[in-house]
Protein chains: 2
Amino acid sequence: MAHEPHLTEETITREELLRGRFLHVVRDTVRLPDGATSHREFVLHPGAVVVVALLDDGQVVVERQYRHPVGQVFIEFPAGKIDPGEDRLACARRELLEETGYTAREWAHAGVMHPCIGYSDEFIDIWFARGLTRGARQLDAEEFLEVITATPQQLMDWVREGALTDGKTMSCMLWLDNVLSGRWVLDWKAQSST
Amino acid sequence: MAHEPHLTEETITREELLRGRFLHVVRDTVRLPDGATSHREFVLHPGAVVVVALLDDGQVVVERQYRHPVGQVFIEFPAGKIDPGEDRLACARRELLEETGYTAREWAHAGVMHPCIGYSDEFIDIWFARGLTRGARQLDAEEFLEVITATPQQLMDWVREGALTDGKTMSCMLWLDNVLSGRWVLDWKAQSST
């Protein structure tokens, strides 16, 4: 991306607003393109991964999980935060195993999406997995979620009907649709099982 | 959605963590499905709209805007927060006009997406507009953004290349692709110009 001074803001100072048990929020004082100053408040996030896991029968692995902020159960692809220093593929393999019990013989990196650019620096790295084997889940103590399988067409119907509204999952479905149609080609790599 | 006690959390108490100039953050103490208690910290948000504006030549209206939290220029569909008490369609018309200068003869509600279900209650209402007329923008004092037009295929190429990573825009592209293909049909309604 070229330097674009007519759009770009420069950070002057940063102030910590909140160091919660989970959320870390800062307020930056910024210089706007016209030289004026303003403030930007946002969440600092370590980044996350999401996994589109393709079963041999053409279905994909999805979760049903209650999300307290919105107060409803969401249909989502498996996802989770990156641990400090953790490799992104290692995180994808860990989250898929912990939340669903699946391991995969092959993995491909698709791209990245930014869920909330107005008030978070979070990125979500998008991974595809295939050659799946199901084992036992290893849920965290405070995780409660159902693992189900669905066809890509079923996911599309759920979006149309308003039953699937999670942004990271919809973003992954754009990738999934283009990959399954053959328009976009992924670079699959075999992974050892350990 | 049926009552699902094996997934659902119940709020016990709410505590205000941050009342910033922009961000409002709370911490809820919740009862988990197994009876244990835990805490959920998240942003309270008024909700937003995003607009997929279809030009007569087959292109769509997009913006290039610097997003300070991520520190880069993003390609996005026009979007903005709902004012207190504001009708969602009125908000969509206002944001399209203010940010891009376009007015539309016809509008259709597509659906809703949730950008950040882990730590925000934000919803984004997805609207389509057509029969566009360009006028003057009415940007807020602190808004700096470019308005461009692009074909849906160009947007898809940008996603594949990693140049378009905004979650709300990718979610809208899932709608756009299904609408343009004729698989999903929108309920268009004429709007007066005032």
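The values are calculated or read from the model by the stated rules, or taken from the named source; none is laboratory data. From a predicted model like this one, the values you see are computed outputs, not experimental measurements. Quick reminder, even Gly has a Cβ in these numbers, built from the backbone with ideal geometry, and neighbours come from all protein chains shown. Surface accessibility is based on the protein's heavy atoms, side chains included, excluding ligands, DNA and RNA. Shrake-Rupley method; radii C 1.70, N 1.55, O 1.52, S 1.80 Å.
Conditions tested, residue by residue: (1) more than 30 Å from A:VAL147 (Cα to Cα); (2) of a type in the set (Val, Ile, Thr).
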residue	(1), (2)
B:THR11	no, yes
B:HIS24	yes, no
B:LEU32	no, no
B:PHE42	no, no
B:GLY47	no, no
B:LEU55	yes, no
B:VAL62	yes, yes
B:GLN72	yes, no
- Query: Out of (1) of a type outside the set (Gly, Ala, Ser); (2) within 12 Å of chain A (Cβ to nearest Cβ); (3) crowded, with 19+ Cβ neighbours inside 10 Å, what's the single condition that is false for B:VAL52?
  - Reply: (2)
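Of the residues in the stretch A:181-194, how many are more than 10 Å from every other protein chain (Cβ to nearest Cβ) and surrounded by fewer than 15 Cβ atoms within 10 Å (Cβ to Cβ)?
Of the stretch A:181-194, the ones more than 10 Å from every other protein chain (Cβ to nearest Cβ) are A:181-182, A:186-194.
When the remaining residues are screened for being surrounded by fewer than 15 Cβ atoms within 10 Å (Cβ to Cβ), the result is A:181-182, A:187, A:189-190, A:192-194.
Of the residues in the stretch A:181-194, 8 are more than 10 Å from every other protein chain (Cβ to nearest Cβ) and surrounded by fewer than 15 Cβ atoms within 10 Å (Cβ to Cβ).
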- Message: Yes or no: the stretch B:97-111 includes at least one residue that is under 22 Å from A:ARG27 (Cα atoms) and surrounded by fewer than 21 Cβ atoms within 10 Å (Cβ to Cβ).
- Response: no
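Have a look at A:ARG14, A:ARG21 and point out the one that is open to solvent by 20 Å² or more (accessible area, probe 1.4 Å) and assigned to a strand (DSSP E or B).
Numbers: A:ARG21 fails: assigned to a strand (DSSP E or B).
After ruling out the rest, the residue left standing is A:ARG14.
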- Query: Of the residues in the stretch B:146-156, how many are within 11 Å of chain A (Cβ to nearest Cβ), in contact (Cβ under 8 Å) with a residue 40 or more places away in the chain and open to solvent by 10 Å² or more (accessible area, probe 1.4 Å)?
  - Reply: 1
- Item | Any chance B:ILE82 is more than 8 Å from every other protein chain (Cβ to nearest Cβ), among the β-branched types (Val, Ile, Thr) and in contact with a Cys (Cβ under 9 Å, 6 or more places away or on another chain) | yes
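Do we find that A:GLU122 is closer than 22 Å to B:ILE117 by Cα and either of a type outside the set (Gly, Ala, Ser) or surrounded by fewer than 16 Cβ atoms within 10 Å (Cβ to Cβ) (or both) in this structure?
Numbers: closer than 22 Å to B:ILE117 by Cα: yes; either of a type outside the set (Gly, Ala, Ser) or surrounded by fewer than 16 Cβ atoms within 10 Å (Cβ to Cβ) (or both): yes.
Considered against the rule, which asks whether it is closer than 22 Å to B:ILE117 by Cα and either of a type outside the set (Gly, Ala, Ser) or surrounded by fewer than 16 Cβ atoms within 10 Å (Cβ to Cβ) (or both), A:GLU122 comes out as yes.
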- Pairs with Cβ under 6 Å, 6+ apart, first in the stretch B:97-117 and within 14 Å of another protein chain (Cβ to nearest Cβ), second open to solvent by 40 Å² or more (accessible area, probe 1.4 Å): B:ALA108/B:ASP187; B:ALA108/B:TRP188; B:GLY111/A:GLY162; B:VAL112/B:PHE123; B:HIS114/B:PHE123; B:ILE117/A:ARG67
- Which number in (1) within 11 Å of chain B (Cβ to nearest Cβ); (2) touching a helix residue (DSSP H, G or I) at 6+ places or on another chain (Cβ under 6 Å) marks the one condition that A:VAL61 misses? (1)
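Evaluate the following for B:VAL73: is it within 12 Å of chain A (Cβ to nearest Cβ), at pLDDT 95 or above and surrounded by fewer than 20 Cβ atoms within 10 Å (Cβ to Cβ)?
Numbers: within 12 Å of chain A (Cβ to nearest Cβ): yes; at pLDDT 95 or above: yes; surrounded by fewer than 20 Cβ atoms within 10 Å (Cβ to Cβ): yes.
Yes; evaluated as a whole, the condition is true for this residue.
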- Message: Quick check on my filter: what residues within the stretch B:157-174 are open to solvent by 10 Å² or more (accessible area, probe 1.4 Å) and outside any loop (DSSP other than H, G, I, E, B)?
- Response: B:ASP157, B:TRP158, B:ARG160, B:GLU161, B:LYS168
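Would you confirm whether or not the stretch A:58-68 contains a residue that is touching a residue at least 24 places away in the same chain (Cβ under 8 Å), open to solvent by less than 10 Å² (accessible area, probe 1.4 Å) and in a helix (DSSP H, G or I)? Write out each step before concluding.
The first filter runs over the stretch A:58-68 and keeps only residues touching a residue at least 24 places away in the same chain (Cβ under 8 Å), leaving A:58-66.
Filter once more, keeping what is open to solvent by less than 10 Å² (accessible area, probe 1.4 Å): A:60-63.
Narrowing the set further to residues that are in a helix (DSSP H, G or I) leaves none.
Scanning the stretch A:58-68 turns up no residue that is touching a residue at least 24 places away in the same chain (Cβ under 8 Å), open to solvent by less than 10 Å² (accessible area, probe 1.4 Å) and in a helix (DSSP H, G or I).
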- Task: Would you be able to tell me the number of residues in the stretch B:76-96 that are small (Gly, Ala, Ser), closer than 30 Å to A:ARG14 by Cα and surrounded by fewer than 21 Cβ atoms within 10 Å (Cβ to Cβ)?
- Result: 1
- Take the residues in the stretch A:128-141 that are within 14 Å of another protein chain (Cβ to nearest Cβ) and closer than 19 Å to A:GLY47 by Cβ, then tell me which one is nearest to the chain's Cα centre (by Cα). A:PHE128
- Quick one: in the stretch A:17-42, which of the residues that are farther than 26 Å from A:LEU139 by Cα, in contact with a His (Cβ under 8 Å, 6 or more places away or on another chain) and not basic (Lys, Arg) is farthest from the other protein chains (Cβ to nearest Cβ)? A:THR29
